[in-house]
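What follows draws every value from the coordinates through simple rules; no lab data is involved. Everything numeric in this text was worked out from a predicted model, so none of it was measured. Note that each Cβ is placed from the backbone with ideal geometry, even for glycine, and that neighbours are counted across all protein chains shown.
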Amino acid sequence: MRLLVVEDDPDVGDDLLRALGEAGFVVELATEGDDAWFRGDTEDYAAVILDLGLPRLDGLSVLRRWRSAGRDFPVLVLTARSDWTEKVEGIEAGADDYLAKPFAMPEVIARVRALLRRAAGHSSAQIRIGRLTLDTVRMSVLIDDRMIRVSPLEYRFLEFLGHHPGKASAAHLIAEHLYGVADSDDTNAIEALVTRLRRKIGPDIIETRRGLGYILAGTA
Amino acid sequence: MMIFSSLRLRLLAGAGLAILVALGLAGLGLGLIFERHIEHREMRSLEDKADELLAGLRIDQAGKPVIDNFPSDNRFNRPAGGLYWQVATPKGSLHSPSLWDQSLGQTAGTPSDGWATRRLAGPFGHGLLVIERLVRPDPSNRPVLVQLATDDDALLQARREFGVELVGSLAMLWVVLVIAAYVQVKLGLRPLLRVRDEIDRLRRNPNARLSTGHAREIQPLINAINGLADARTTDLARARSRAADLAHSLKTPLAALSAQSRRAREAGASDAADGLDRAIAAAGAALEAELGRARSAIARDAHRGASAPVLETVEGVVSVLERTEAGERIVFDIDIASGLEAPVAAADLAEILGALIENAVRHARRRVRISGEIASRQIMLCISDDGSGLPDAQALIAVTRGTRLDETGPGHGFGLAIARDHVVATDGTLEMGVGVLGGLEVRVGWASGTGREPHTSG
C-alpha cells in the first residue's frame, strides 16, 4: 500500500519512512506544504500522514485543499500542538485521526492500519436506501445528497441496518455486531446511539418497531 | 518618627502648627492695635482736659504761670488721684494738687505745634501716659511747657483683660480651625482611598484597570498605574506565550530523538535506547505539565467576561474522540440545550471538556453521557461514563497533577488534573461522584452570572 508522509523534520521524516517501510508500506516523503498538496492532488495514496507545521503552506491548508478537491484518502494528522481547539479544527478540516508529538512509532503504525481497515473491504462504493446514502469508501453518510458527519460507530450501525433491508434488527443483535459480545446494558447504549443519530440525520430515517428492533425507513 | 509616616498626620500637624503661628501673630497684632486704640482714646481725653487748662493759663509779671480756672475733674485735686497736670516756665511752675509734692519730668525737644505723647515713670510708683506741648499765651513772653498725665494702671488692666480674652478666643479658634483642617485632610485624601480600592481590584483581576474620572491631580498617577498594569499584562502574556511556544517547539526535536532511539536500538544499543526513551518520556511529561500550567494561567486572565457555547464545544471534542481507537466504540449521549453558554473562553472550555471527556472515554465500557443545565444559578456540566468508576482515594489522586491512573491508556494521564486546574483558574468548581451510568461522574460548575441561558431545549 502506498502512503505519503508529509514531515519537514528530517529525523522524524526518515524514521517514519523507515518504520512504515518495515511495516510493509510503500512510503513517499514530502517535506514542504505545497509539494505535499501537489502530490496528494495528483497521485493516489492509500493514506497520508500529515504534519501540521510545514514550511511554505501549513498542513491544515493542505488538508482543506485536498478535501475541497474531493481527495478522500484517510489522513492521520501529526502535530506538536495538543490543544483541543486545534484537534477540533483538524477534524473539521477533514482529518480522520490525530496524533500529538512526541509519539511512539508502533502507535503511528497501529493508527495507520486502523484507518486503512476502516476504508477497505467494500466492493460496492455506495448503498442507497430511500433518502439515505452510505458511502462505504469514505465511511460517510448522505441524506438527500447532503453530507452528514457521523462517527465510525454510528456509520457501522447504519451500515448494519442497510445490510438488513426490510427486517427489524433487535438491539442486542446490533450490539453484538458492533461490540462482538453484548449484555443487557448494551441495549441502552444502542438506544442512546439511535437518539444521537436521529439528531444528526433526522427523526424519520431510523424507525423503531416496538418489540422487534430498528429498521431503516423505506425498506419495509 | 513612625507617626509621621502617615500622610494624614503630617498634613494635620503641619496645618495645626501653621494655624498656631498665624493665630499667634494675629494675637500680637490685635494686642498692639488694642493698646494703640486705648492710648489714642486717653490722649483725646487728656487733650480735652488740656483745652480746659489752657483756657485759664496766663503769665504774670514775674514770668510765672498762673491758672485762673482749674480743670473740673476731681481727680486733679485728689492727691495721687491718677490725673495730673503741670505748667512750667523758666521762672517757675504750677501743678495739680494730685501731684502733691511730686512733679512731672521734663525733656528737651517738646514740640510747640501739637501734643506729643510719651510714657514715663510717674509719682507714687505708677507709670504715666503724658501729653505735653509748648504754648505761648503771650507772644512777648517765653513759652510755657504744659503737661497732662494719666495713670497707666487702667490701661494695663484693660490690656491684660483684653489679652486674656484674646488668648481664649484664639485658642478656641485654633481648635475649630484644626478640626476644619482634619475634615479637609480627610476629604482631600478620600480620592486616594478610591485609588486604593481600585488597585486592590486590579491585584485580584489583572485585566481590570483603574477608572477614569479621578481628581485632576491624581489622574497622572492613575495613568501611570494603568500603564504599568498594561505593561505587566503584556509581559506576562508574552512570557506565557513564549513558555508555551518553547514547549511546543521542543516536541518535534523529541520526536526526532525518538527516531534516534529507534536507530540505536536497531544498531544493537538497546541500553542506550532504553535510557533515551526514558529521558524522552520524562521530557514529554514535563512539557505537558508546563503547557498545562501555561494554559491555566492564560485561562485565569482570559475568562473574565468571556463565554463559550457548550453544545458546539462538546460536539467538536466528541468529533475528535469518535475517531480515536478508544472513542470509536463509544456511544456519546449528549443532553445539552443549544444556546447554553459557559462563562469561560472557548479554548479553555475545549481544554476542560476535552480532558474530561477523553478521561471518560478511557474508562467507559459503551457509553459516555454529557449533560448541561442551569440549576441554582449555576451552569452545571456533567460527564459520566459506564465504566467501573473511581474509589474516593483514587479520585483524589486523579486530580493531583503528575499522577496517572491508567498507564495503558492513550494520552499523558493528566486529564483530570489539567481540567481541575483550568476549572479553578476560571473560578469554577469540580466535583466527582458516581454517575447515572454507574461509573465516574465529573461535575463542573460556574456561577451563571456571565453565561447565557439556553433558548431552546435540544
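Pull out the extension gain between residue B:28 and residue B:172, defined as 0.36 nm times the separation in residues minus the alpha carbon to alpha carbon distance; nm, one decimal.
Full extension of this stretch gives 50.2 nm more.
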Quiz item: In whole Å, how far is the Cα centre of region B:23-88 from that of region B:113-157?
Solution: 7
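With each run of n ≥ 4 DSSP H residues scored as -39500 (n - 2.57), what mean residue ellipticity at 222 nm is computed for chain B after dividing by its residue count and rounding to the nearest 500 deg cm²/dmol? Could the numbers behind the result be given before it?
Values: 8 runs with 230 residues, N = 458.
Value at 222 nm, helices only, nearest 500: -18000 deg cm²/dmol.
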Self-check item: Using alpha-carbon coordinates, inclination of helix A:33-42 to the longest axis of chain A, degrees
Solution: 50
Quiz prompt | Gap separating the Cα centres of region B:342-390 and region B:179-213, nearest whole Å | solution = 43
Exercise. List the GluC sites (Glu not before Pro) within region B:178-286 that fall in a DSSP loop (any state other than H, G, I, E or B) and whose Cβ has at most 14 other Cβ atoms within 10 Å.
Key: B:217
Quiz item: Simple spin-label model, 7 Å along Cα-to-Cβ: residue B:199 to residue B:376 in nm?
Solution: 3.9
Practice problem: Return one number: the angle in degrees, 0 to 90 and rounded to the nearest 10, between the long axis of the Cα atoms of helix A:10-22 and the longest principal axis of the Cα atoms of chain A. | Solution: 50
Exercise. Give the percent of DSSP beta bridges with both residues in chain B that are antiparallel, rounded to the nearest 5.
Key: 90
Practice problem: Rounded to the nearest 500, what is the 222 nm mean residue ellipticity of chain A from helices alone, with -39500 (n - 2.57) per DSSP H run of 4+ residues and division by all residues? | Solution: -13500 deg cm²/dmol
Quiz item: Rounded to the nearest 5, what is the percent of antiparallel bridges among the DSSP beta bridges in the protein assembly as shown?
Solution: 75
Practice problem: Within 10 Å of each residue's Cβ, count the other Cβ atoms and sort B:386, A:14, A:96 from fewest upward. | Solution: A:14, A:96, B:386
Practice problem: Name the long-range amide H neighbours of residue A:170: under 5 Å, sequence gap of 5 or more, or other chain; modelled H, no Pro or chain starts. | Solution: A:214
Quiz prompt | Cα-based Lys proximity count in the protein assembly as shown, under 20 Å, for pairs eight or more positions apart or on separate chains | solution = 4
Exercise. Compute the acute angle (0 to 90°) between the alpha-carbon long axis of helix B:7-55 and the principal axis of greatest extent of the alpha-carbon atoms of chain B; round to the nearest 10°.
Key: 10
Exercise. Would you mind telling me which residue in A:181, A:75, A:141 has the biggest mean-square fluctuation in a Gaussian network model of chain A, where springs connect alpha carbons within a distance under 10 angstrom?
Key: A:181
